[in-house]
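**Q** Would you mind keeping the following structure in view while I ask a few things?
The values are calculated or read from the model by the stated rules, or taken from the named source; none is laboratory data. Model, not experiment: these values are computed from the prediction. Positions of Cβ are generated from backbone atoms using ideal geometry, with glycine treated the same way; all protein chains shown enter the neighbour counts.
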Amino acid sequence: MVDFGNTLKKLRLQAGLTQQQLADKLRVTKSVVSYYELQERYPSPEVLFKLASIFHVSTDYLLGIDHTNTLDLTGLTEEDIVVLKQLIELLKQKNQKLGI
């Protein structure tokens, strides 16, 4: 969890959420979110899963393990996300056929 606090803060700001709004979604206090961002505390596995779900990232990404590119899916419906996943798979298949 080398840079967990900064990653969380970046995701929170990109989503346009205040610490209080994120705290409400997580059912914790604002001070807990502040502690996470300051890296004075780390979330339980349950909270980590909630954060991943809220920000549409993997837990590995939150923990600094996954360094792959991510897409901000905030504001998209579940249907939109399914369509994007299908498009990504089609593009991967196309690139594989082209040897890219």
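**Q** LEU63 - would you say it is touching a Phe, Trp or Tyr at 6+ places or on another chain (Cβ under 9 Å), of a type in the set (A, V, I, L, M) and modelled with pLDDT under 95?
**A** Details: touching a Phe, Trp or Tyr at 6+ places or on another chain (Cβ under 9 Å): yes; of a type in the set (A, V, I, L, M): yes; modelled with pLDDT under 95: yes.
Judged against the criteria, LEU63 is a match.
**Q** Can you name the condition, by its number, that THR77 falls short on among (1) in contact with a Phe, Trp or Tyr (Cβ under 8 Å, 6 or more places away or on another chain); (2) without any contact (Cβ under 8 Å) to a residue 40 or more places away in the chain?
**A** Of the numbered conditions (1) in contact with a Phe, Trp or Tyr (Cβ under 8 Å, 6 or more places away or on another chain); (2) without any contact (Cβ under 8 Å) to a residue 40 or more places away in the chain, the odd one out for THR77 is (1).
**Q** Continuing with this model, one more query. Can you go through SER34, SER58 and tell me which one is of a type in the set (Gly, Ala, Ser), modelled with pLDDT of 95 or more and surrounded by 12 or more Cβ atoms within 10 Å (Cβ to Cβ)?
**A** Result of the check over SER34, SER58: SER34.
**Q** Considering each residue of segment 23-59, count those that are hydroxyl-bearing (Ser, Thr, Tyr), in contact with a helix residue (DSSP H, G or I) (Cβ under 9 Å, 6 or more places away or on another chain), part of a helix (DSSP H, G or I) and closer than 26 Å to LYS85 by Cα, and give that number.
**A** Going through segment 23-59 one residue at a time, the tally reaches 1.
**Q** If you check every pair at least six apart or on different chains, which have Cβ atoms under 8 Å apart with a residue in segment 1-18 that is closer than 13 Å to VAL33 by Cα first and a residue that is modelled with pLDDT of 95 or more and among the aromatic types (Phe, Trp, Tyr) second?
**A** PHE4/TYR36; GLY5/TYR36; LEU8/TYR36
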